[in-house]
Amino acid sequence: MSFLELNNVTKSYGSNTVLRGINLHVEKHEVVCLIGASGCGKSTLLRTVNALEPINGGDIRLEDDVVSGEGVNVNALRQKVGIVFQSFNLFPHMTVLQNVTLSPVKVLGIAKVEAEERAMALLTRVGLDHKAAAFPDQLSGGQQQRVAIVRALAMNPEVLLLDEITSALDPELVAEVLNIVRELAQEGLTILMATHEMSFAREVSNRVAFLHEGRVLEIGEPEQIFGNPQEERTQEFLQKIVAAGRL
């Protein structure tokens, strides 16, 4: 039994099948990176894990509890499984501190003072404590994405899902966001992330899963996937990545 399991998960939008029998197991404290061409199903897969997208078949388990299908307590699930998107999705009318403390106060019932203390500690950690009173439109993209990560961490999740969190950033801002993820990985947070940052995936992940047409075509340790991929389609994908100077 793994900490997080997707067993034969399928997902369709009408006649368009996006996930075709996904089998993926993630151990506690493990970092698994999802790679593959745009449209292969990475983002949809992540969104099924915390029930943002209902699945059509199979099941998803967290600590052996089924967390997919009818009757699942979605609010309880999302307390355990945080997600950060490529678009920052911060509330524009709220300050940084208000964005970070909203869910701990409203969902977890934490006292406002305690929530603010925890939020400030997290903001300090990512170098943004001086921006607590700022509004999102007063921040750079990299700063907004760091706030989005802090907002997810404020719920003290057991699993963190990261969906292409650097794709909307200018290249010079990517490093500051990836540094935070690197630290979280080193501390043992369970992370499942979709990324186009191949060098980062190679460095930080315990395993890498290559998705193709809604299936996990190949999965293994980073050195095996990037250095000696077995599947022809994986080889083709990585050859293009190398040719583009991204690995």
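Computed from the coordinates by the stated procedures, all read-outs in this text should not be read as laboratory data. Keep in mind that this is a model prediction, so the values were computed, not measured. For neighbour counting, all protein chains shown are included, and Cβ atoms are generated from backbone atoms with ideal geometry for every residue, glycine included.
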P(r) of region 127-169 over all Cα-Cα pairs, binned every 5 Å from zero, in whole percent: 5, 20, 31, 21, 17, 6, 0
Listed residues Val181, Val72, Val147, most fluctuating in the chain (Gaussian network, C-alpha, under 10 Å): Val72
Long-range amide H partners of Ile55 with built H, under 5 Å: Gly69
Least to most buried among Phe88, Phe3 (fewest other Cβ within 10 Å first): Phe3, Phe88
Whole-Hz ³J(HN,Hα) from phi, Karplus 6.51 cos²θ - 1.76 cosθ + 1.60, for region 221-228, glycine and proline x: 5, x, 5, 6, 5, 7, x, 8
Anchor Lys80: lysines whose Cα lies under 23 Å away (excluding residues fewer than 8 positions away in-chain): Lys11, Lys28, Lys42, Lys106, Lys112
Kirkwood Rh and Cα Rg combined as Rg over Rh, evaluated for region 168-247: 0.97
Over the chain, relative contact order from alpha-carbon pairs under 8 Å, at least 6 apart, %: 26
Exposure proxy order (Cβ contacts within 10 Å, fewest to most) of Val74, Val18, Val150: Val74, Val18, Val150
Mean ellipticity per residue at 222 nm, deg cm²/dmol - from DSSP H runs of n ≥ 4 across the chain, formula -39500 (n - 2.57): -11500 deg cm²/dmol
Average Cα contact separation per residue, region 56-184, under 8 Å, 6 or more apart, as relative contact order %: 34
Global size of region 99-247 as Cα Rg and Dmax, reported in angstrom: 17.7, 55
Order of Ile110, Ile22 - criterion: other Cβ atoms within 10 Å of each residue's Cβ, fewest first: Ile110, Ile22
Cut-off 18 Å, label 7 Å out along Cα→Cβ of Asn206, residues of region 14-33 by amide N: 23-33
Share, in percent, of DSSP beta bridges within the chain that are antiparallel, nearest 5: 55
